[in-house]
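K.L.:
Below is the structure I would like to discuss, written out as structure tokens.
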Amino acid sequence: MKNNSFISSYSLISLILFSASLQAQDYLAETDFFGEAPVVLTVSRMNKLLEDSPASVSVIDRQMIRNSGAREIADIFRMVPGMVIGYHFGHSPAVTYQGMGSEWQRQLQVLIDGRSVFVPSFGGVPWANLPLLLEDIERVEVTRGPNAVTYGANAFLATINIITRHAAEDLGAKITVTHGLEQDDEIRDMYFRVGNQYSDLDWRISGGIEEDDGYEVLFDSKQLKKLNLRTDFLTAYNQFWTLQAGINQSTFNRGNGSETNIFRDEETSNSYQNLKWELLQDEVTTTIQLTQTNQDVEDNFLSDPLNQELDDRFGQNFFSLLPDLTMEINFDRVSNRRDFEIYQNRNFNDKTIFVYGASTRKDNVKSFYLFNDTDTHRVRTSRLFSSIESKFIEDLIIDIGLMLEDTNYTDKELSGRLSIIKKIEGQHSLRLVSSSARRNPLLYEILGNTRFEIELPAGVLPFTKAPVITWAGNEDIQPEVIQSAEIGLFSEFENRQYSTDIKLFSYKITDQINESTQNSIDALTGLPQQFIVMENNGTTTVKGIEASLNYSPQHKKYRFYGGLSKVNVDSTDAKSLASYPELTAFAGGHIKINPYHQISTAISYVDDLSWMDSNSQLDDHIKLDLRYQYLINRKFDTKLELIGYNLYEKYAEYVNNDFQERSFLLRVSSRF
């Protein structure tokens, strides 16, 4: 039964207070983005007023992140219309926009300060393994719709850009300690930060530890260790250098106790280095950046005896008569990416802005598990992109973007977007958008060859190895394609204190890449095999409406925001159809009781759905979180927070019977 009471009470005001001001230097402050004229940077690489954006954008600012009480980065996306979040395991969050979600979501582009964190091996984003700390985030911009014209083929359903804080915003030191109050959750987090300034050089070092025991019924505890460095250097009055580097080392419990999935630990290391240079001239801004990312996963073990499982798989009653048969299972994989990008923003006059640039990227993946060899497999990608904004007609903005992309596994691809924005009476912006994008298949989808071999006793059968094939690549697979259109209306009232954004949209995905189960007979052994191949065999059409609102009075004693997404889906693929919840909604906010006491809340609703990599049909659910904050000491900004999660009900959000339980934690933070 649907929780329609949530919809009727959607206007529930959730409350919390804005924290004390941070130390500041001469930098671009949060109020520049969320004061009188909010600005977004991601959609077209131009600084745009939110009302002039050529696509639908949601902004999660620092205040909203604090209000939510979130522990993990993935959870903050519950505050975006249409976003759906679920935890396959306690250490494996999944994030999708509207539907087609899986643990390794491949139709979503995710950036941190403009650099892609999309993993070349499995695709998707390793949310828990990102070398990023929640407290280092300044804001997040989510482009709700295709954005391949700016960020390439995988900016398919949506694009997330997580923007971290300038080093000058975090001078001094801070420490935060978080501990769970439930005996069985074992939440233990610690965050530290130290920053300083030498002449024109600002730097920040931050790090942290995150630990918890995951779901109560699963073997899925995690331990994360993160360390980050950021330096911002002004070498001349108009030249800026930014150097960032980070590493995340994690230990995850894996396994369900079966013969081929024994209880074990997985060790993962994720790291990156990024160097960015910006030159500001009269009418031209030039940006160059170079990025290196690395992922190393160690997960290998010896299976338990497989005799009975082999008899069941091959329809025999023979293997159980043999001595214990085991096999080595090696899920190890190494991937890295090198990305070089250069682009310019050029103002021809006060009515025309032109952005143009190019990038080249090389992805390397090495994994016996994925490809059944020890070779390093490579994807080389080259891109040319441009975007032009014209304001030659009063109160009318025309924005055109193009991206030409080429890889060594796909043909040259052209993506485009046309946006027309009509300003109405100074407070409304009517937005018409038409765009296209492609999602290129992964190396694993093209060349994958996952098979395991069981050593058999000599002389028993004509062969000494029994292969078990689980995945085969498809070199004929083509990119999936999306065509999208939307009509949006952005409005502001009461001197920008109150804003709304409503859009009607429709998109169609063709040549959809879906799993297909195939059967064959092994030529050497004559044993039957069943494995997965990815094929272009689906078409999905989605129509719907999304709305969001934000009320932020200038006195800052309280704030309210919320949003919803309602879709109607038609698909030739049953899994895709079931992956779209018909309705999602959220609300949040804060109230300042007095200078010392604050209360905030975040509430979200997700309709029935089934994740693409799960066989569970999930009921709708409501997630309700509350947060109380007490300012202990103003001088050191010492705060005590009590946060309660899942207070309305326990619910399953990925697999049936894996419930998100009610939990509480205590957090203490202070500056020095």
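Each reported figure results from applying straightforward, stated rules to the coordinates on display, with no laboratory input. Just so it is clear, the model here is predicted, and its values are computed rather than measured. Every residue, glycine among them, receives a Cβ derived from its backbone with ideal geometry; neighbour counts consider all protein chains shown.
K.L.:
For the stretch 529-672, restrict the atom set to alpha-carbon positions and state the Rg and Dmax in Å.
P.N.:
Just the Cα atoms of the stretch 529-672 yield Rg and Dmax of 20.7, 68 Å.
K.L.:
Right, here's the next one. Per residue of the stretch 88-100, in order, report the coupling 6.51 cos²θ - 1.76 cosθ + 1.60 (Karplus, θ = phi - 60°) as ³J(HN,Hα) in whole Hz, putting x for Gly and Pro.
P.N.:
5, 10, x, 10, 10, x, 10, 10, 9, 10, 6, x, 6
K.L.:
What FRET efficiency comes out for Glu186 versus Asn408 if R0 is 30 angstrom and r is the Cβ-Cβ distance? Round to the nearest 0.05.
P.N.:
0.05
K.L.:
Please list the non-local residues whose amide H lies under 5 Å from the amide H of Leu325, H modeled 1.01 Å from N, same-chain partners needing a gap of 5 or more.
P.N.:
Amide H to amide H, under 5 Å and 5 or more residues apart or across chains, Leu325 pairs with Leu306, Asn307.
K.L.:
Which residues' amide hydrogens lie under 5 Å from the amide hydrogen of Ser579, considering only partners 5 or more residues apart or on another chain, with H built in the peptide plane?
P.N.:
Here Met100, Ser610 satisfy the definition.
K.L.:
Could you list Ile591, Ile209 so that the one with the fewest beta carbons within 10 Å of its beta carbon is first and the one with the most is last? Provide the component values of the computation, followed by the final result.
P.N.:
On the way: Ile591 18, Ile209 14.
Ordered by Cβ neighbours within 10 Å, fewest first: Ile209, Ile591.
K.L.:
Report the convex hull volume per residue for the stretch 246-307, counting only C-alpha atoms, in Å³.
P.N.:
Details: hull volume 6.6 nm³, N = 62.
Considering the Cα atoms of the stretch 246-307, their hull volume per residue is 106 Å³.
K.L.:
Got a sec? How would Met64, Met100, Met612 order by Cβ neighbour count within 10 Å, fewest to most?
P.N.:
Sorted ascending by nearby Cβ count, the order is Met612, Met64, Met100.
K.L.:
State the three equivalent ellipsoid semi-axes of the chain, derived from the C-alpha gyration tensor as the square roots of 5 times its eigenvalues, in descending order and whole Å. Before the final figure, lay out the partial values.
P.N.:
Working: eigenvalues 341, 177, 133 Å².
Taking √(5λ) for each eigenvalue gives 41, 30, 26 Å, largest first.
K.L.:
Same structure again: Over the Cα atoms, compute the radius of gyration (one decimal) and Dmax (the largest Cα-Cα distance, rounded to a whole number) for the stretch 184-279, in Å.
P.N.:
Calculated on Cα positions, Rg and Dmax stand at 19.3, 64 Å.
K.L.:
Tabulate in residue order the Karplus-calculated ³J(HN,Hα) for the stretch 573-588, using 6.51 cos²θ - 1.76 cosθ + 1.60 with θ = phi - 60°, rounded to whole Hz; enter x for Gly and Pro.
P.N.:
Couplings: 10, 5, 5, 4, 4, 6, 7, 9, x, 5, 9, 10, 7, 8, 8, x Hz.
K.L.:
Rg/Rh for the stretch 283-383 to two decimals, with Rh computed the Kirkwood way over all alpha-carbon pairs.
P.N.:
1.38
K.L.:
Looking at this model, which pairs from Lys226/Lys508; Lys276/Lys366; Lys48/Lys557; Lys222/Lys639 are more than 32 angstrom apart at the alpha-carbon? All intermediate terms of the calculation are to be shown ahead of the outcome.
P.N.:
Values: Lys226/Lys508 40 Å; Lys276/Lys366 28 Å; Lys48/Lys557 28 Å; Lys222/Lys639 27 Å.
Too far apart for the 32 Å limit: Lys226/Lys508.
K.L.:
Sorted from fewest to most neighbouring beta carbons within 10 Å, what does the list Val217, Val468, Val606 look like?
P.N.:
Details: Val217 10, Val468 21, Val606 25.
Least crowded to most crowded, the residues run Val217, Val468, Val606.
K.L.:
Just to confirm my numbers, what's the Cα centroid distance between the stretch 366-383 and the stretch 467-513 in Å?
P.N.:
With the stretch 366-383 and the stretch 467-513 each reduced to a Cα centre, they are spaced 28 Å.
K.L.:
May I pose another question? Once each part is reduced to its C-alpha centroid, what is the distance from the stretch 614-650 to the stretch 270-314 in angstrom?
P.N.:
31
K.L.:
To continue, here is another question. From the phi angles alone, apply the Karplus equation (6.51, -1.76, 1.60; θ = phi - 60°) to the stretch 340-354 and give each ³J(HN,Hα) in whole Hz, x where the residue is Gly or Pro.
P.N.:
With the stated coefficients, the stretch 340-354 comes to 10, 9, 9, 7, 10, 9, 10, 9, 6, 6, 6, 10, 9, 10, 10 Hz.
K.L.:
In addition: Considering the zone a paramagnetic label at Glu515 would reach in this model (a point 7 Å from Cα along the Cα-to-Cβ line), which residues of the stretch 604-620 have amide N under 15 Å from it?
P.N.:
Answer for the stretch 604-620: 610-617.
K.L.:
Taking a quarter of the surface of the convex hull around the Cα atoms of the stretch 373-519, what do you get in nm²?
P.N.:
So the mean shadow area of the Cα hull is 14.8 nm².
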